[in-house]
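Engineer: One structure coming up, written as structure tokens, with questions to follow.
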Amino acid sequence: MKPIYLDWAATAVPDTAVLEQAFTESIQYYANVASRHDAGKQASELYESSRAAIARFIGCKPEELIATSGATEANAIILLSLLQKQKCSGTVLISSIEHDSIFNQARVLEKFGYTVKTIPVNRDGFIEPDTVASLLTDDTVLIAVMAVNNETGAIQPIEAIASIVASHKKPMHVHVDAVQAFGKIPLTIRNIHSMSLSAHKLGGPKGFGLLYLSEKKPIQSLFQGGNQERSIRSGTQNLYGMRGFALAVHNKNPQTAYEHVSAIAARLISGLASIPQVVLIPENRNSNANNFSPYIVACSVPGLTGEVIVRYLSDNGIMISTGSACSSKHTERRVLNAMNIDKKISQGAIRISLGPSTTQEQIDAFITMLDSCIKKYKP
Ligand code: PMP
């Protein structure tokens with residue numbers, strides 16, 4: 001049986017046509033994008049037209065997009081830029097459900113003198129704009145809130161949060177990790193100063209990402225070198241990555257994909273409901289369905305561990321995960337703990353994540369296999 005891949009939030013199934021075209025072109029236009037000769041200019045034209053195509057999709061200026069090695073680096077550039085300030089003091093607010101590339105990076109800022117405070121989420125995994133409002137102080141320098149949580153699919157009220165921050169008397173930097181939202185659900189950059197994106201979550205190349213940085217909010221990067229990418233991210237520019245990301249974006253029809261994935265997610269959720277031992281995370285996801293990305297569905301079998309379920313399904317050709325691939329080696333469930341989820345539920349948690357080529361048959365096979373896993377280990 002061909003493996004069934006339901007771990008798209010960790011990385012999407014590669015878009016072969018996209019990767020092949022980008023690879024071929026990166027060999028054809030092999031010159032350094034920054035070289036002044038004709039070959040360099042041709043490479044630069046392809047690189048810049050790719051950047052411009054992504055900028056059009058986002059609705060920003062091409063020069064507001066800075067190439068990075070992925071969203072981890074884009075997040076790090078923003079947080080670490082605070083270390084270029086004259087005085088490393090003030091408060092950095094991050095949500096309690098951020099990806100490790102924000103959460104752990106913020107710990108570094110603490111060592112240099114910043115105070116890092118986490119914004120709690122409610123039981124369903126949402127940051128409430130009023131909570132943010134109550135935490136803003138005159139010494140807040142930066143706030144980081146992700147657009148879609150990578151473990152639960154909860155779509156955060158970014159627009160409302162950004163507008164609350166904008167109306168605060170003291171200006172501060174608003175950063176959004178948009179990795180699980182970009183190209184999947186509508187995104188706005190209104191009142192947002194920076195945003196991180198990752199190409200491989202859309203079927204593009206791994207190891208390439210973009211930092212959207214509003215021209216109104218210049219930063220000083222900690223990285224120094226040959227001054228490429230507005231001097232924010234020096235290093236020889238990655239034509240394969242930029243071209244591959246642009247083609248991956250171009251190849252998507254977010255609306256069509258959204259409709260397809262929504263129908264698949266609905267089938268998945270009703271399949272899960274047919275197994276009495278399964279609980280959704282959060283339990284009342286269905287009553288708030290529009291606020292969840294259909295691309296990510298979390299559930300649990302209390303009494304089993306997520307690891308046992310993932311292993312059983314993997315042995316039977318179905319790939320899912322317990323949560324974030326980046327922290328899959330940790331047994332502690334930071335995001336679920338932040339939601340105050342009962343330990344028995346968080347230990348049995350699994351994440352099923354979907355993509356534009358996920359089929360109903362794959363979902364049905366997953367439900368059958370999950371049911372047989374439960375019958376085997378929890379009769
Ligand atoms: N943020 C989120 C929400 C993610 O899901 C991921 C990927 N696991 C990242 C950041 C890191 O992205 P990248 O792999 O491009 O470094």
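No lab work stands behind these numbers, since they all come straight from the coordinates. Note that the coordinates shown come from a computational prediction; the quantities given were computed from them, not determined experimentally. Every residue, glycine among them, receives a Cβ derived from its backbone with ideal geometry; neighbour counts consider all protein chains shown.
Engineer: Excluding residues on the same chain fewer than 8 positions from Lys216, give the lysines whose Cα lies under 19 Å from its Cα.
Structural biologist: Lys61, Lys85, Lys169, Lys170
Engineer: Could you run the Debye sum over the Cα atoms of the stretch 120-186, one equal point scatterer each and no solvent, and tell me log10 of I(q)/I(0) at q = 0.20, 0.28 Å⁻¹, two decimals?
Structural biologist: -0.80, -1.31
Engineer: Which of the lysines could be linked to Lys184 by a straight reach, that is with a Cα gap under 16 Å, when you skip same-chain ones fewer than 8 residues away?
Structural biologist: Result set, ordered by chain and number: Lys201, Lys252.
Engineer: Can you give me the C-alpha center-to-center distance between the stretch 286-302 and the stretch 29-54, rounded to a whole angstrom?
Structural biologist: Their Cα centres are 42 Å away from one another.
Engineer: Additional query: Could you tell me, in Å, what Rg and Dmax come out for the Cα atoms of the chain?
Structural biologist: Both quantities, over Cα of the chain: 21.2, 70 Å.
Engineer: May I pose another question? Roughly how compact is the stretch 140-281, stated as its Cα Rg over 2.2 N^0.38 Å to two decimals?
Structural biologist: Working: Rg = 18.2 Å, N = 142, 2.2 N^0.38 = 14.5 Å.
Output field value: 1.26.
Engineer: Now for a separate question. Would you please put 187-195, 260-268 in order of how densely packed they are, using the mean number of other Cβ atoms within 10 angstrom per residue and starting with the highest?
Structural biologist: Highest-to-lowest ranking by the protection proxy: 187-195, 260-268.
Engineer: Tell me which GluC sites (Glu not before Pro) from the stretch 175-271 have a DSSP coil assignment and no more than 12 other beta carbons within 10 Å of their own. Spell out each step's value before the answer.
Structural biologist: On the way: sites: Glu215, Glu229, Glu259; in loops: Glu215.
Passing sites in the stretch 175-271 are Glu215.
Engineer: Moving on. Would you mind estimating how fast the stretch 203-348 diffuses translationally, via Stokes-Einstein at 37 °C and 0.692 mPa s with the Kirkwood radius over Cα pairs, in µm²/s? The partial results should precede the final answer.
Structural biologist: Numbers: Rh = 19.0 Å.
D, rounded to a whole number, is 173 µm²/s.
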